[in-house]
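Novice: This structure is in structure tokens; I'll ask about it shortly.
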């Protein structure tokens with residue numbers, strides 16, 4: 001016998017909504033990360049110039065960041081697509097919050113630098129509301145992915161044999 005509470009959706013509807021939210025986050029966030037990585041790998045000097053413009057670190061740090069970030073984006077995007085693990089969405093959340101904080105400091109200091117987000121897709125406009133919104137939306141989607149992700153995608157403990165070993 002199934003008991004429905006007045007005004008509350010059935011549990012199956014909530015499960016479907018959770019799965020849709022997880023799938024949405026695991027498609028949109030990797031898409032943004034892959035586009036960003038491809039744009040930065042196609043024009044690394046422009047990306048490096050954008051990082052210099054933020055004036056947040058010494059030259060060697062900016063050069064290292066410009067060389068590593070596109071590959072970090074690709075790695076995170078691949079892991080989000082393959083596993084939908086909450087851990088990888090936490091990493092993405094951290095990444096997007098760092099981007100939002102860096103852009104907030106640029107706005108606060110009044111620097112008119114290019115955001116360096118998505119290259120020609122964002123234009124060469126300076127950091128502003130649209131670039132900050134992109135970073136915050138990315139953070140929000142990662143939070144959604146973290147909360148709705150596939151918790152079974154996390155590592156199997158030593159006391160628990162993998163499912164393939166049981167069959």
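Residues are listed down the side, and each one gets a yes or a no for (1) surrounded by fewer than 16 Cβ atoms within 10 Å (Cβ to Cβ); (2) touching a strand residue (DSSP E or B) at 6+ places or on another chain (Cβ under 9 Å):
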| residue | (1), (2) |
| --- | --- |
| 84 | no, no |
| 88 | no, no |
| 94 | yes, no |
| 101 | yes, no |
| 125 | yes, yes |
| 134 | no, no |
| 137 | yes, no |
| 141 | no, no |
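Novice: Let me ask you something else. So how many residues does segment 40-72 have that are in contact with a strand residue (DSSP E or B) (Cβ under 6 Å, 6 or more places away or on another chain) and under 16 Å from residue 96 (Cα atoms)?
Specialist: Total meeting the criteria: 0.
Novice: Farther than 30 Å from residue 147 by Cα and in contact (Cβ under 8 Å) with a residue 12 or more places away in the chain: is that true of residue 102 in this structure?
Specialist: It is false that residue 102 is farther than 30 Å from residue 147 by Cα and in contact (Cβ under 8 Å) with a residue 12 or more places away in the chain.
Novice: Do the conditions hold for residue 76, that is, is it surrounded by 15 or more Cβ atoms within 10 Å (Cβ to Cβ) and either out of contact with any strand residue (DSSP E or B) (no Cβ under 7 Å at 6 or more places or on another chain) or more than 15 Å from residue 113 (Cβ to Cβ) (or both)?
Specialist: Judged against the criteria, residue 76 is a match.
Each reported figure results from applying straightforward, stated rules to the coordinates on display, with no laboratory input. Bear in mind that the values here come from a model prediction, so they are computed numbers and not experimental data. Backbone-built Cβ (ideal geometry, glycine too); neighbour counts: all protein chains shown.
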